[in-house]
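For reference, the structure discussed in these notes is given below.
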Amino acid sequence: MQKGNLKQKLELFSDHWNPRIIGELNSQHVKLAKMKGTFTWHQHEEEDEMFLVVKGQIKIEFRDKTEDLNEGDYIIIPRKTEHRPVAEKEAAVMLFEPISTVNTGKNRDGFTKDRLERL
């Protein structure tokens, strides 16, 4: 059994676009990340992912539309769907993703994080 507090976990780091693992269930990582600015366009070939906004507001851009998300909103992005998160001001999200998920998919750039810290 595992219990935690999102506010306390978010106070443990200040950098952006560097997800931290806070739990694991059913071959899924539960991650927290702070966002500010614009991420890279990417897609996940084999994994769906879920973003849950825990603080602030974000946008998820798709090639044909943009979804605005406020605190408490979530979005599930199906595999093979190209997307790009954007946060005009600092925001925090919880991510639910298969353990195999790399944050930038096949796109390797300065945002890519191969090894994630556990909190």
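The values are calculated or read from the model by the stated rules, or taken from the named source; none is laboratory data. Remember, predicted model here, so these are calculated numbers, not experimental data. Cβ sites come from the backbone with ideal geometry, for glycine too, and all protein chains shown count toward neighbours. SASA here: full protein model, heavy atoms, side chains in, ligands and nucleic acids out. Shrake-Rupley method; radii C 1.70, N 1.55, O 1.52, S 1.80 Å.
Per-structure values
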{"read-out": "The stretch 48-72 residues that are touching a residue at least 60 places away in the same chain (Cβ under 8 Å) and of a type in the set (Gly, Ala, Ser), paired with ones that are open to solvent by 30 Å² or more (accessible area, probe 1.4 Å) and not in a strand (DSSP E or B) (beta carbon under 7 Å, 6 or more apart)", "value": "none"}
{"read-out": "All positions within the stretch 63-119 that are assigned to a strand (DSSP E or B) and under 19 Å from residue 26 (Cα atoms)", "value": "76, 77, 94, 95, 96, 97, 98, 118"}
{"read-out": "Cβ pairs under 7 Å, 6+ apart, first in the stretch 96-115 and aromatic (Phe, Trp, Tyr), second at pLDDT 85 or above and open to solvent by 30 Å² or more (accessible area, probe 1.4 Å)", "value": "96/28; 96/50"}
{"read-out": "One residue from 55, 80 being basic (Lys, Arg), closer than 18 Å to residue 22 by Cβ and open to solvent by 70 Å² or more (accessible area, probe 1.4 Å)", "value": "55"}
{"read-out": "Scope the stretch 29-52; condition open to solvent by 60 Å² or more (accessible area, probe 1.4 Å) and in a strand (DSSP E or B); matching residues", "value": "36, 38"}
